[in-house]
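> Attaching a single structure in structure tokens format; questions to follow.
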Amino acid sequence: MGDKTAGVSTDSLGISALGKSDVASPPAAVLSSIGRVAAWKLGRHGDSPTSTAVHTAGGGTTSRYAAGAQVTLNRISAHRDVGKTACPGRYLYAQMASIRATASSL
């Protein structure tokens, strides 16, 4: 298990997207690829890409939540939803609903 999501890494999957999505919109291929990977992984476990899940926060200096806090998150969330970061950048973050919709359609 890696520490990819600021204290909320158990039973989760991290998908990285390299680029400068804080200053420019990510290419459509990036958005589609994220949606496809998420659909595949969530589908293996019977989880809807548009649903939520409750996680127990692990805390830590980079987490938005104290250890033990119960946090309800979208199944497809961004790093900034749990961590003190701007990741994945404002333009990619603005596409989270679109990524969920793509994953849901698959």
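> If we scan region 54-64, do we find a residue that is among the β-branched types (Val, Ile, Thr), assigned to a strand (DSSP E or B) and modelled with pLDDT under 90?
From region 54-64, those among the β-branched types (Val, Ile, Thr) are 54, 56, 61-62; that's our starting set.
This time we only want the ones that are assigned to a strand (DSSP E or B), so: 54, 56.
Next, from what is left, pick out any that are modelled with pLDDT under 90: 56.
Yes, the conditions are met somewhere in region 54-64.
> Can you confirm whether residue 49 is touching a Gly at 6+ places or on another chain (Cβ under 6 Å), surrounded by 16 or more Cβ atoms within 10 Å (Cβ to Cβ), in contact (Cβ under 8 Å) with a residue 24 or more places away in the chain and of a type outside the set (Gly, Ala, Ser)?
No; evaluated as a whole, the condition is false for this residue.
> Does residue 38 meet the test of being modelled with pLDDT of 95 or more, touching a helix residue (DSSP H, G or I) at 6+ places or on another chain (Cβ under 7 Å) and open to solvent by less than 80 Å² (accessible area, probe 1.4 Å)?
yes
> Scan region 59-84 for residues that are open to solvent by 50 Å² or more (accessible area, probe 1.4 Å) and either touching a residue at least 40 places away in the same chain (Cβ under 8 Å) or among the charged types (D, E, K, R) (or both) and jot them down.
60, 62, 64, 65, 67, 75, 79, 80, 84
> If you go through region 65-92 one residue at a time, how many are part of a helix (DSSP H, G or I) and either in contact with a strand residue (DSSP E or B) (Cβ under 8 Å, 6 or more places away or on another chain) or closer than 24 Å to residue 43 by Cβ (or both)?
Number of matching residues: 3.
> Name the residue that is modelled with the lowest pLDDT, counting only residues in region 86-105 that are open to solvent by 30 Å² or more (accessible area, probe 1.4 Å) and of a type in the set (A, V, I, L, M).
86
The values are calculated or read from the model by the stated rules, or taken from the named source; none is laboratory data. As the structure is a computational prediction, the values presented were derived from the model and not from experiment. FYI the Cβ positions are ideal-geometry reconstructions off the backbone, even for glycines, and counts take in every protein chain you see. SASA here: full protein model, heavy atoms, side chains in, ligands and nucleic acids out. Shrake-Rupley method; radii C 1.70, N 1.55, O 1.52, S 1.80 Å.
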